[in-house]
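Asker: Once you've had a glance at the structure underneath, I'll fire off some questions.
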Amino acid sequence: MCIKFSSARTKESERWHSDGIVYPKPTWLGEELLAKLARWCVEGRQSGFKSTLSLVSIMKYSKAYQELKEKYKGMVKVWPEVTDPEKFVYEDVAIAAYLLILWEEERAERGLTAKQSFVDLGCGNGLLVHILSSEGHPGRGIDVRRRNIWDMYGPQTHLEEGAVTPNDNTLFPEADWLIGNHSDELTPWIPVIAARSSYHCRFFVLPCCFFDFIGKYQRRQSTKTQYRGYLDFLTEVGSACGFHVVEDCLRIPSTKRVCLIGKSRTYPAAAEASMDEQRTRYISSRRGCPVSPPGEGLGALEAAAGHAPGAQAGQRGTEARPEGLWLSGFHPREKAERVRNCATLPRDFIDQVVLRVARLLLGGQRSDAGSAPRGGVEAWNRGGSLSLAEVASELDRETLQRLKRECGGLQTLLRNSHQVFQVVNGQVRIRDWREEKLWEEKELEARKTRICWFFTHHPDGCVLPSDCCPFAHGPRELRPAPATRKKRQLL
Ligand SMILES: C[S@@+](CC[C@H](N)C(=O)[O-])C[C@H]1O[C@@H](n2cnc3c(N)ncnc32)[C@H](O)[C@@H]1O
Ligand SMILES: [Zn+2]
């Protein structure tokens, strides 16, 4: 079978270009497919996600995807080198194909001929805007930071550098659709902006990182995955804004493939004023509470919101907010982001803080005593738990100040040291890798590409045998790291 496979591989590779989606690469087939099949068999039934492309005709989608792929494949060659062009170009081609078919079917349902207009908020590299515009949809993209690649598209692709702030001045009454493709902080605001832009405005969001109206979204309900919880939160936002929200799963290589679509409203146009009061109450109800209450649902939130400030009829909140801001505290990100993720701190300094905190948690045991697991697994010392304040009180002022200045603080450093620590509700513990779930796809790529901290530093060594530990037990196990796929926003 192996022989057959490799001969087929040689012949085929001469004839087609892998796009990583429809035609997987031979290495993927050889090294990853079996593991994936096994995982899908177990996970499939309980995933809780819609099946792929459930809202559009798969036939039409596949045809559109193939055509667009052919048409825009040239982009792969001219793509900036820092990112994987196949992944980025074909992902945007797939999203564009999906939207084009969704919109085509919408035109047919509504008996329209004019192509829908759109605004892509947080458009990044602008490729999606470029494709949709080139396919005849009038629209534009806005991003706080312009990209060099914007110059390549030509004047018919409208891209604007500017910060979007959710307020009364940031409305798009001319747009049929608002798009949020991995739009980060803007994601929960997109249904709100769409709802307030005009009664006919619809939205499409494809969320990736988890943001609430202000700051990071945090889940409390641990029965759901963080991803599922976040999608449910966005659905709740859309419903609170008066949309029928539907969900679909795109055919893209990314691990975050679920999109949410607000295609129609739940109320008649005449009820706009009272609906907007509900929106205001809902948004206010989330202030200072970046977590949906357990048993969440609109009913519960509306009840809670009844007591919220700014719930007066006909007003978007009673308290003073600058420039008609819909929720005080939202600050669009800066054009050039300051890096405060510990990446600028010297490795030695980070390692020392990690060791110091680990020793504290291990109850004063030296944590650099040996590299081989000692004693049975039962004897493995996980140490205790300390609050962030307790940990901070054990560190000197200079260290704390440096952390605050250059890395966003002690908590950020501990969270970034994910291999070693677990930080939950302000309590810090040593991570016990026996409790960790199956690694996600993207993490599997990184297996054995970093040294196991426990193998090197923990007095009892690593709690896992080498073949179960995702990290390398010694330099001999180290694999080269996969080519770094820089974040989309770097593009
Ligand atoms: C993760 S990137 C995604 C970019 C692009 N949509 C894509 O999928 O490749 C998020 C983008 O949102 C932009 N962004 C975030 N907040 C913004 C704001 N308030 N106004 C405008 N752009 C914003 C960032 O500059 C960044 O380009
Ligand atoms: Zn290990």
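The values are calculated or read from the model by the stated rules, or taken from the named source; none is laboratory data. Bear in mind that the values here come from a model prediction, so they are computed numbers and not experimental data. Cβ: placed from backbone, ideal geometry, glycine included. Neighbour counts: every protein chain shown.
Asker: Only one of Arg279, Arg251 is part of a loop (DSSP other than H, G, I, E, B) and either at pLDDT 85 or above or among the small types (Gly, Ala, Ser) (or both). Can you tell me which?
Answerer: On the way: Arg279 fails: part of a loop (DSSP other than H, G, I, E, B).
None of the other options fit; the residue is Arg251.
Let's see how each residue does on (1) surrounded by fewer than 19 Cβ atoms within 10 Å (Cβ to Cβ); (2) within 20 Å of the chain's Cα centre (by Cα); (3) assigned by TED's automatic domain parsing to the domain that holds Lys437; (4) within 16 Å of ligand 1 (Cβ to nearest atom):
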position: Val89; (1), (2), (3), (4): no, yes, no, yes
position: Arg107; (1), (2), (3), (4): yes, no, no, no
position: Ile142; (1), (2), (3), (4): no, yes, no, yes
position: Arg146; (1), (2), (3), (4): yes, no, no, yes
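Per-residue answers, yes or no, for (1) of a type outside the set (Gly, Ala, Ser); (2) over 27 Å from Gln218 (Cβ atoms); (3) within 16 Å of ligand 2 (Cβ to nearest atom):
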residue	(1), (2), (3)
Trp380	yes, yes, yes
Ser385	no, no, no
Asp396	yes, yes, no
Phe421	yes, no, yes
Asp432	yes, no, yes
Leu464	yes, yes, yes
Asp467	yes, yes, yes
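Asker: Restricting attention to the stretch 234-246, and to residues there that are outside any helix (DSSP H, G or I) and in contact with a Lys or Arg (Cβ under 8 Å, 6 or more places away or on another chain), which single residue is surrounded by the fewest Cβ atoms within 10 Å (Cβ to Cβ)? Lay out the reasoning, then the answer.
Answerer: Taking the stretch 234-246 first, the residues outside any helix (DSSP H, G or I) are 241-246.
So of that shortlist, the ones also in contact with a Lys or Arg (Cβ under 8 Å, 6 or more places away or on another chain) come out as 241-244, 246.
Numbers: Cys241: 25, Gly242: 22, Phe243: 24, His244: 12, Val246: 16.
Looking at residues that are outside any helix (DSSP H, G or I) and in contact with a Lys or Arg (Cβ under 8 Å, 6 or more places away or on another chain), I get His244.
Yes/no matrix, rows are residues, columns are (1) part of a loop (DSSP other than H, G, I, E, B); (2) at pLDDT below 90:
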site	(1), (2)
Gly375	yes, yes
Glu378	no, yes
Arg382	yes, no
Arg405	no, yes
Thr412	no, yes
Gln419	yes, no
Arg434	no, yes
Phe454	no, no
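Asker: Right, next: Go through (1) at pLDDT 90 or above; (2) surrounded by fewer than 16 Cβ atoms within 10 Å (Cβ to Cβ); (3) of a type outside the set (Asp, Glu) one by one and return the number of the condition Ala358 breaks.
Answerer: (2)
Asker: When you go through (1) free of Cβ contacts under 8 Å to residues at least 40 places away in the same chain; (2) under 16 Å from Phe203 (Cα atoms); (3) surrounded by fewer than 24 Cβ atoms within 10 Å (Cβ to Cβ); (4) not small (Gly, Ala, Ser) one by one for Val129, which number turns out not to apply?
Answerer: That leaves (3) as the condition not met.
Asker: Suppose the filter is buried (at least 16 other Cβ atoms within 10 Å of the Cβ) and away from ligand 1 (no atom under 12 Å from the Cβ); does Leu231 pass it? Before you say what the answer is, go through the steps one by one.
Answerer: Numbers: buried (at least 16 other Cβ atoms within 10 Å of the Cβ): yes; away from ligand 1 (no atom under 12 Å from the Cβ): yes.
Spelling it out, Leu231 is indeed buried (at least 16 other Cβ atoms within 10 Å of the Cβ) and away from ligand 1 (no atom under 12 Å from the Cβ).
Per-residue answers, yes or no, for (1) in a helix (DSSP H, G or I); (2) modelled with pLDDT of 95 or more; (3) among the basic types (Lys, Arg):
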{"residue": "Met75", "(1), (2), (3)": "yes, no, no"}
{"residue": "Pro80", "(1), (2), (3)": "no, no, no"}
{"residue": "Ala94", "(1), (2), (3)": "yes, yes, no"}
{"residue": "Glu104", "(1), (2), (3)": "yes, yes, no"}
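Asker: Do you know which residues across the stretch 389-427 are in contact with a helix residue (DSSP H, G or I) (Cβ under 8 Å, 6 or more places away or on another chain), small (Gly, Ala, Ser) and at negative phi?
Answerer: Ala392, Ser417
Asker: Which residue is farthest from the chain's Cα centre (by Cα), if the candidates are limited to the stretch 167-181 and must be at pLDDT 95 or above and within 12 Å of ligand 1 (Cβ to nearest atom)?
Answerer: Applying the first criterion (at pLDDT 95 or above) to the stretch 167-181 yields 171-181.
From the residues that got through so far, the ones that are within 12 Å of ligand 1 (Cβ to nearest atom) too are 179-181.
Numbers: Ile179: 15, Gly180: 12, Asn181: 10 Å.
My answer is Ile179.
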